[in-house]
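Below is one structure, written out as structure tokens; the observations come after it.
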């Protein structure tokens, strides 16, 4: 398996999700995946629709553009998904918090060019948003679409659920 980097320790270990099923559940519920790419000396982040299966993420794209150019230069990426966002307003701006669940990971991209594999990847993406749906892809469309696969080398989950509390002058 490709190794991107050593696993970093999470500062707030009480918020870390270590159960793989929970991480997979977050990935299955998320509707947007953001991938971080390397653009010379600056990061470049792109939000994408995606599918997840067997420790891989799948995306579809136009065949040209900045994202494709950057992936051809450097296939290493970082990705992030998050769900269940809720701002916890406490009455004191410095004491606000956020409830959420998230997954951050690393991987290596590749382009799927074989037609049958493209169809399988596109079905994984469609099934993510519309489980059980079935589609036939016209050959012309399959030839025109670019399908990107990220083989995940590492990922971590995190969740934060703060107790809703309204602060007053007496409990500051």
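Normalised by the residues of region 13-165, what does the relative contact order come to in percent, with Cα pairs under 8 Å and at least six apart? Each step should come with its number before you reach the end.
Working: 283 pairs, mean separation 48.1, N = 153.
Computed over region 13-165, the figure is 31 percent.
Which of 112, 150 comes first, and how do the rest follow, when ranked by fewest Cβ neighbours within 10 Å?
Numbers: 112 19, 150 26.
Ranking 112, 150 by Cβ neighbours within 10 Å, fewest first, gives 112, 150.
Give me 90, 146 ranked fewest to most by other Cβ atoms within 10 Å of their Cβ, as a rough exposure proxy.
On the way: 90 15, 146 18.
So the ranking, lowest neighbour count to highest, is 90, 146.
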In what order do 100, 89, 58 fall by count of nearby beta-carbon atoms within 10 Å, going from fewest to most?
-> 89, 100, 58
Select one label from (1) 9, 32, 31, 17, 8, 3, 0; (2) 10, 40, 36, 13, 1; (3) 9, 28, 30, 24, 9, 0: the one whose number is P(r) over Cα pairs in 10 Å bins from 0, in percent as derived from the coordinates shown.
-> (1)
Based on DSSP H runs of at least 4 residues, each adding -39500 (n - 2.57), what is the mean residue ellipticity at 222 nm of the chain after dividing by all its residues, to the nearest 500 deg cm²/dmol?
-> -6500 deg cm²/dmol
Note the angle between two axes, namely the Cα long axis of helix 115-129 and the longest principal axis of the Cα atoms of the chain, as a number of degrees from 0 to 90, rounded to the nearest 10.
-> 30
Angle, helix 20-29 long axis vs. longest principal axis of the chain, Cα atoms, 0 to 90°, nearest 10?
-> 80
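Read the figures in this text as sums done on the coordinates, not as results from a lab. Keep in mind that this is a model prediction, so the values were computed, not measured. Methodologically, a virtual Cβ is constructed for each residue, glycine included, from the backbone with ideal geometry; neighbour enumeration extends over all protein chains shown.
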